[in-house]
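Only the coordinates and a few stated rules stand behind these numbers; no lab work does. On a predicted model such as this, the values are computed, not experimentally measured, just so you know. When we count neighbours, we look across all protein chains shown, and the Cβ atoms used for this are built from the backbone with ideal geometry, even at glycine.
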Amino acid sequence: MKQHKFKAKLVGQPGSEVAALKPPFDVAAVFGRKGRVPVKGTINGCAFRSSLMNMGEGHMMVVNAQLRAGAQCKAGDTVTVVMELDEEKRTVEVPPDLKKIIDRDPQTREAWRKLSFTHQKEYVREIESAKRIETREKRIAAMLDALRNGRRKK
């Protein structure tokens, strides 16, 4: 896949927790996709896997705090970007104990399998970020209930 190298100014308020970049080309024409476009590459040499999202006035990519720290940049800075379409399957590393819980029930296992990468990632992140065992167990129970009842993560 062809890589695209360009410079872009990170948009957002200086000092803000939010920053994004807008490629200087027509994303739909270059990558052949109109909605969410999975991409990978580097910003100032720091690797990323993310998505370009159509924000109404063109595609943009959020540059989260972790990526900004690695790329040593902030909103308002001009960064060097190398970007290409990411066609690799995105998978979530599910902790072994959580995987066993999900796999115990065929309905839950099937519902988990149908979740998008993002929803799986959000569930795992929320559960793994619990500081107390009770909180973790409560979050697991809520996830299982949502999966069994066909509800999306809130």
Per DSSP helix of 4 or more residues, -39500 (n - 2.57); summed, then divided by the residues of the chain. What does that give at 222 nm, rounded to the nearest 500? -11000 deg cm²/dmol
State, as an integer percentage, the relative contact order of the chain based on alpha-carbon contacts under 8 Å between residues 6 or more apart. 23 percent
Using a Gaussian network model of the chain whose springs link C-alpha atoms within less than 10 Å, name the residue from Asp97, Asp77, Asp26 with the highest mean-square fluctuation. Asp97
Please give every one of the lysines within straight-line cross-link reach of Lys131, meaning a C-alpha to C-alpha distance under 30 Å, and leave out same-chain neighbours fewer than 8 residues apart. Lys74, Lys99, Lys100, Lys114, Lys121, Lys153, Lys154
Residues whose built amide H sits under 5 Å from the amide H of Leu52, excluding neighbours closer than 5 in sequence, are Val37, Val39
Size of the dipole of region 79-154 about the Cα centre, Lys and Arg at +1 and Asp and Glu at -1 on the beta carbon, nothing else charged, in debye to 20? 460 debye
Once phi is turned into ³J(HN,Hα) by the Karplus curve 6.51 cos²θ - 1.76 cosθ + 1.60 with θ = phi - 60°, what whole-Hz value does each residue of region 20-32 show in order, with x for glycine and proline? 8, 10, 10, x, x, 8, 6, 4, 4, 6, 6, 9, x
May I ask you to derive the relative contact order of region 4-85, considering only C-alpha pairs under 8 Å and at least 6 residues apart, and to give it as an integer percent? 45 percent
With +1 assigned to the C-beta of every Lys and Arg and -1 to the C-beta of every Asp and Glu, and no other charges, what is the dipole magnitude of region 1-146 about the Cα centre in debye, to the nearest 20? 200 debye
Could you tell me which of Ala69, Met83, Phe25 has its Cα farthest along the dipole of region 4-85 towards the positive end, charges placed at Cβ (Lys, Arg +1; Asp, Glu -1), taken about the Cα centre? Met83
Could you tell me the distance between the Cα centroids of region 84-114 and region 44-81, to the nearest Å? 27 Å
